[in-house]
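Everything below concerns the one structure shown next.
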Amino acid sequence: MRVLPSITLVAASAALLTIPSAARAQAEPGRVTLEARGGLNVPTFDISDAVDAGPSVGIGAAVQIRPRVYLLGDVDLGFHSGADLPGGASAPDVKVYHYMAKVGYALLAEGSSPWSLIVNAGAGAMTFDVDGAGSNTYPAINVGAKIGYRVSPRVSLLLSPQGDIAFTKDAELGTSNAWVWPFTAGIRLAL
């Protein structure tokens, strides 16, 4: 009859011993997060002569591969109205699609604060879909940051200032490089 309390004590002890390892597992590599963002895409330099800043939506995913290192993937879509041209005309509207793969590095140690700061750099492509003129896709590079504030163990609020530069063709887009900056805010979910 003494066997049942002993089994219960062993099972309870084993369960308590797993708590620290489960907590460590949350901070170990392999963790995945998903993002949904919205904000403003801001063109600068030559491309700003043709299009204005416009609303943006985006999604992203990240996989933690080392305690401070992440692989990131982001897709953003900016809607730009054509800029006013001399003589009262307007340039055509343009949708700009951003597809970026990045490596991120966390500047703040995970768990030390509800804040997180990941700086990132990467490469990908940008598609410029010009109303009435078709679309063209060009290679692109990216730098930026992901600033998060954890509101629960699985949910963080997010600011994501990014800088994307496409290496375009002057004959197709009117410039050899198009600088478009997605500034977005949203939510990050840890899976």
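Coordinate-derived values only; no laboratory data. Since the model is a prediction, treat every value here as computed from it, not as a measurement. Every residue, glycine among them, receives a Cβ derived from its backbone with ideal geometry; neighbour counts consider all protein chains shown.
Some values worked out for this structure:
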quantity: Gain upon complete extension [residue 159, residue 45; 0.36 nm per residue less C-alpha separation]; calculated: 38.7 nm
quantity: For region 52-191, radius of gyration divided by Kirkwood radius, i.e. Rg to Rh on alpha-carbons; calculated: 1.05
quantity: Derived scalar couplings ³J(HN,Hα) [region 162-174; Karplus, 6.51 cos²θ - 1.76 cosθ + 1.60; whole Hz; x for Gly, Pro]; calculated: 10, x, 10, 10, 9, 9, 9, 9, 4, 5, 9, 10, x
quantity: Using alpha carbons only: equivalent-ellipsoid semi-axes of region 74-124, gyration tensor based, whole Å; calculated: 38, 13, 9
quantity: Loop trypsin sites (Lys or Arg not before Pro), region 140-191, which have at most 13 other Cβ atoms in a 10 Å radius of their Cβ (DSSP); calculated: 154, 169
quantity: Radius of gyration, Dmax [region 36-120; alpha carbons; angstrom]; calculated: 17.4, 58
quantity: Calculated P(r) tail over 14 Å for region 139-184, as whole % of Cα pairs; calculated: 59 percent
